[in-house]
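Quick notes on the structure that follows.
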Amino acid sequence: MRRPGRAAYLLFLLFMISALSACRSTADGRQHQPDQQQSFPRYIFYFIGDGMGLAQVALGEALAGEQGGLAMLRMPVTGLMTTYALDRSITDSAAAGTAMATGYKTTVGTIARNDRHSADLTTIAEAARDHGFGVGIVSSVSIDHATPACFYAHADSRNEYGAIARQMAQSGFDYFGGGYALSALRDDTLDDELRRLMLQKGYTIAAGKEAIEAALPGSRCWAVGAVDSKGALAYEIDRNEEDADLAFFTRYGIRLLDHHRGFFLMVEGGKIDWACHANDGATVSREVKAFDRAIGEALAFYRSHPDETLIIVTADHECGGLALGNNQVRYSGRPSLLDYQQLSLERFSAKVRAWSGSGRVSFPMAMDSLRVYFGLGNIDLDPLLALSPPDSIDLAKAYQACMTSSEELNTYGRSDPFTSSAGALLNRKAGIGWTTGHHTSVPVPVFALGRGQERFGGSYDNTELAKKMMDLCGLSPVAKE
Ligand SMILES: [Zn+2]
């Protein structure tokens, strides 16, 4: 005969087990109480590698070194995404960013507006804000550049940098991180105005690691790293070790945002694209790895919230027509030769420009610096680094061209002839091929992990990616009064 009270005891035990399993601890020890009705991911990460096609990912993987393989390639679901703009098969970051942020195609150069420029398009970040989520926007390039702008601003042209930057203050977002505003760097009056607007809206402008670390969770913050004259963080290959990288801005974004009912965090690896425009393979591989470390921060968060997190990693378009193979070395190229490059072509070009100004650097001295910074000619490192007579003739001609003209660096750091020749030579020997200094129209990869990940497999358009995310996350645009 069963003793009285046994059934009640078992019921109590079952109740306690289910109550405990419904209440999980976060990494910081706080308790998250999942809403039983909640079927949407509450933590949404949107990583965009600007210019990062499959070959850029493969190059980062080939040169991952101590970092091990790339985290993005270990995510369980993979898709392929078309990137074309409404008016051109080869897109730009504005049209692609608009498609990926809003689910609508628009014309090249347009920031989150329709193709006729008659209406603003609601972005997934704005929808997240309107649903009570915390929102953060991180980029390694200037925060008023096209990709980040497509999430918080609306403009007929990506070149309206000032008008775009002012919309940061009106966005109601919680966190901006990474680069500064290019428009403000170019115009002191605008800089004062922008800072005043941001302060009025309750933002702390925190410059440098210490100030950012002091910012409190729940406060609005614009966190700015060590930036160059374009408002961008340094290339990873050139970065001072103590300076904040993309992973730092991602980590602090999570810390600042993780107090809302959920959050949306967009992180752009913007300088992958710039290095591709410069056909600088070594710098591309380092940028991809830095981008992947930022993804690692989201993965660490995911491990504490596996049922409530969605991580999407993708690109807005490919840049450079990068290939892992070329006709010169055919099957003998070795991508690891790129690891001998010590600095970006952009930074080396600045040195060459200084030489041409001083007139004190001879050709043999210039060749010595190629040996130091690129390994070129140093067969002790690798026999493939040997310079053939035609290689040396090309470099001599390029050196002469530099010493007799003072070509300016362009926006994307395209180099002087000597730097270009040296970079092309190392890339060629490494078996790397480039077809263009501009974008291409090949589809880009999508990697997904987390709640609803299965929806992101297969092949689709960039507008579909935004729609899938908004649908999955319950972020349909909220109608305005
Ligand atoms: Zn580009």
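The values are calculated or read from the model by the stated rules, or taken from the named source; none is laboratory data. Please read these numbers as outputs of a predicted model, since none were measured by experiment. Ideal geometry is used to build each Cβ from the backbone, glycine not excepted, and the neighbour counts take in all protein chains shown. Calculation scope for accessible area: heavy atoms of the full protein, side chains included, ligands and nucleic acids excluded. Shrake-Rupley method; radii C 1.70, N 1.55, O 1.52, S 1.80 Å.
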### Task
Go through the range 260-304 residue by residue and tally those that are within 16 Å of the ligand (Cβ to nearest atom) and acidic (Asp, Glu).
4
### Query
Looking at (1) touching a residue at least 40 places away in the same chain (Cβ under 8 Å); (2) more than 16 Å from the ligand (Cβ to nearest atom); (3) in contact with a Pro (Cβ under 9 Å, 6 or more places away or on another chain), can you tell me which one GLN328 breaks?
(3)
### Query
Of the residues ALA71, ALA62, ALA169, which single one is open to solvent by less than 40 Å² (accessible area, probe 1.4 Å), within 23 Å of ILE295 (Cβ to Cβ) and touching a residue at least 24 places away in the same chain (Cβ under 8 Å)?
ALA71
#### Entry: 2 or more residues away from the ligand (no atom under 16 Å from the Cβ) and not small (Gly, Ala, Ser): qualifying helices (runs of 4 or more DSSP H) within the range 93-195
124-130, 146-152, 161-170, 182-186
### Query
Which pairs do you get when a residue that is within 16 Å of the ligand (Cβ to nearest atom) and in a loop (DSSP other than H, G, I, E, B), found in the range 305-320, comes within reach of a residue that is among the acidic types (Asp, Glu) and at pLDDT 95 or above, reach meaning Cβ atoms under 7 angstrom, with the pair 6+ apart or on two chains?
ASP316/ASP50
### the range 267-281, residues that are in contact with a His (Cβ under 9 Å, 6 or more places away or on another chain), assigned to a helix (DSSP H, G or I) and crowded, with 24+ Cβ neighbours inside 10 Å
ASP273, CYS276
### Message
I'd like to verify a number: residues in the range 110-139 that are farther than 17 Å from TYR43 by Cα, open to solvent by 10 Å² or more (accessible area, probe 1.4 Å) and in contact (Cβ under 8 Å) with a residue 24 or more places away in the chain, how many?
### Response
6
### Task
Six or more apart or on different chains, Cβ under 9 Å: which pairs go from a residue in the range 255-271 that's closer than 11 Å to GLY134 by Cα and assigned by TED's automatic domain parsing to the domain that holds ILE312 to one that's assigned to a loop (DSSP other than H, G, I, E, B) and basic (Lys, Arg)? Could you list them?
ASP258/ARG30; HIS259/ARG30; HIS260/ARG42; ARG261/ARG42; GLY262/ARG42; PHE263/ARG42
## Note on the structure
Being part of a helix (DSSP H, G or I) and modelled with pLDDT under 95 narrows VAL284, VAL352, VAL361 down to just VAL352
### Task
Could you check, for the range 213-228, whether at least one of its residues is in a helix (DSSP H, G or I) and either in contact with a strand residue (DSSP E or B) (Cβ under 9 Å, 6 or more places away or on another chain) or open to solvent by less than 10 Å² (accessible area, probe 1.4 Å) (or both)?
yes
### Task
Search the range 331-341 for residues being assigned to a helix (DSSP H, G or I) and open to solvent by 60 Å² or more (accessible area, probe 1.4 Å), and hand back the single one that is farthest from the ligand (Cβ to nearest atom).
TYR340
### Query
Does any residue of the range 36-53 turn out to be among the aromatic types (Phe, Trp, Tyr), closer than 20 Å to GLY450 by Cβ, modelled with pLDDT of 75 or more and open to solvent by 80 Å² or more (accessible area, probe 1.4 Å)?
yes
### Query
Across the range 342-356, what is the total count of residues that are open to solvent by 70 Å² or more (accessible area, probe 1.4 Å) and closer than 10 Å to MET403 by Cα?
1
### Query
Does ASP416 meet the test of being open to solvent by 50 Å² or more (accessible area, probe 1.4 Å) and more than 16 Å from the ligand (Cβ to nearest atom)?
no
